[in-house]
Amino acid sequence: MIYLKSPAEITKIRAACRIIGELFEELGTMIHAGVNTWELDRFAESFILAKGGKPAFKGYRVPGLKPFPGTLCTSPNSVIVHGIPSKKVILNEGDIIGIDVGVIKDGYYGDAARTYAVGQISEEACALMEATHEALMIGIAAAVPGARVGDISHAIGSHIAAKGYFPADDLTGHGVGRELHEEPQIPNSGRAGYGPRLEAGMTLAIEPMVNIGTNRVKEKGWEFMVADGSLSAHFEHSILLTNAGSEILTNA
Ligand code: MG
C-alpha cells in the first residue's frame, strides 16, 4: 500500500523534515578530527527534542538485534549505513562520515542522510561523495507524477555505473511519512518503466548508498559494511511529489 498524503499530513511531514534540514546544518559545523560520534548523537537528540520532535531511529527494532540505541546512524568510511554512535568512534582527518537521521513530530516522519568530509579528504573520497550526491539529485529529478519507481532506480543506478561505482546490495530508499519505512521500496538500480506508478501526494525517501569497490555488503550487528573495505557514501532526502514535480523537504 502506497499512501497518498493529505495536505494536513503533508504539513506535519514538512515540519518533521525541516528539523532534519536544520540539524544537518548544525552538525556540519561540528564535524572535525577528534570529535566522537557519541557527542554528535547527544547533540542531535537535544536539538530534535528542543524543536518538539523525537528521534525516530532510537529504539527501532529488527528481528535478532537489540533496539537501535542511537538518534543518529553514524557510518564512517567503509561502513555503509546503520553505524552505532560511540565514544570509541573518533573522527580522523581524512575520514568521511555518513550521518542518517529520522525524526517524528506530531506522529509524522522525515528521514535524510548526508556524508561529511572530516578535514582534507582524498580525491578518491571527494569524487565518491560528489557522485553519490549527484545520484540523489538525479533520482529526485526522475521522481515525478506519471513516472514509475523503476525510473528513479534506473536514473540513480545509471549514474553510479557511469562513474564506475556500485550501489550497495539490498539497501533501498522507501516511502516515508505515516511510518518511517513505507512502500514502495526504491532500489538504487533497476529498469526504467517498471514498478509502481508515481503520483502527487506521495512522500518518498530517496537514498543512494554508493561503494567504490563492490556492491557486496557484509553485516555485523546493525552495521552494513562494504565487503572489500572500500569507501561508501550516502545521501538521502525525503521529498514530496507534487503536480509540478517534486520538492525536497529535508533542507534547512
Ligand atoms: Mg531512509
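Any read-out appearing in this document is the output of simple, stated calculations on the displayed coordinates, not a laboratory observation. Only a predicted model underlies this, so the values are computations on that prediction, with no experimental measurement involved. Using ideal geometry, Cβ is built from the backbone for each residue, glycine included, and neighbour counts are taken over all protein chains shown.
Miscellaneous remarks
- Condition met for R178 (of a type outside the set (S, T, Y), closer than 24 Å to P63 by Cβ, more than 16 Å from the ligand (Cβ to nearest atom) and touching a residue at least 40 places away in the same chain (Cβ under 8 Å)): no
- Candidates are the residues of the range 162-175 that are aliphatic (A, V, I, L, M) and within 14 Å of the ligand (Cβ to nearest atom); the one that is nearest to the chain's Cα centre (by Cα) is L171.
- Qualifying position, being surrounded by fewer than 24 Cβ atoms within 10 Å (Cβ to Cβ), small (G, A, S) and either away from the ligand (no atom under 15 Å from the Cβ) or part of a loop (DSSP other than H, G, I, E, B) (or both), among G59, G83: G59
- Those residues of the range 95-154 which are crowded, with 24+ Cβ neighbours inside 10 Å, in contact with a Pro (Cβ under 8 Å, 6 or more places away or on another chain) and of a type outside the set (A, V, I, L, M), in sequence order: G98, G102, T132, G139, S153
- Annotation note: of T132, T74, the sole residue that is in contact with a Leu (Cβ under 9 Å, 6 or more places away or on another chain) and among the β-branched types (V, I, T) is T74.
- Residue within the range 194-203 that is within 16 Å of the ligand (Cβ to nearest atom) and either of a type in the set (A, V, I, L, M) or under 30 Å from E26 (Cα atoms) (or both) present: yes
- The number of residues in the range 215-229 being in contact with a strand residue (DSSP E or B) (Cβ under 6 Å, 6 or more places away or on another chain) and touching a residue at least 60 places away in the same chain (Cβ under 8 Å) comes to 5.
- Residue count for the range 200-223 satisfying the condition of being under 15 Å from the mean Cα position of the chain (by Cα) and either under 21 Å from E182 (Cβ atoms) or among the basic types (K, R) (or both): 7.
- Scope the range 96-115; condition more than 13 Å from the ligand (Cβ to nearest atom) and out of contact with any Phe, Trp or Tyr (no Cβ under 9 Å at 6 or more places or on another chain); matching residues: I104, K105, D106, G107, Y108
- Being closer than 19 Å to S232 by Cβ, touching a Phe, Trp or Tyr at 6+ places or on another chain (Cβ under 9 Å) and in a helix (DSSP H, G or I) is a condition met by at least one residue of the range 145-158.
- Matching residues, the range 235-249, being in a strand (DSSP E or B) and touching a His at 6+ places or on another chain (Cβ under 8 Å): I248
- Qualifying residue in the range 26-36 (condition: in contact (Cβ under 8 Å) with a residue 12 or more places away in the chain and of a type in the set (S, T, Y)): no
- Output for the range 116-143, where each listed residue is closer than 16 Å to I97 by Cβ, touching a strand residue (DSSP E or B) at 6+ places or on another chain (Cβ under 7 Å) and within 16 Å of the ligand (Cβ to nearest atom): T132
- The sole residue among T203, T172 that is within 26 Å of A15 (Cα to Cα), touching a Pro at 6+ places or on another chain (Cβ under 6 Å) and surrounded by 19 or more Cβ atoms within 10 Å (Cβ to Cβ) is T172.
- When the range 117-144 is limited to residues that are farther than 24 Å from N77 by Cβ and assigned to a loop (DSSP other than H, G, I, E, B), the one that is farthest from the chain's Cα centre (by Cα) turns out to be V144.
- Test: residue in the range 82-92 that is closer than 21 Å to H237 by Cβ, within 15 Å of the chain's Cα centre (by Cα) and not polar (S, T, N, Q): yes
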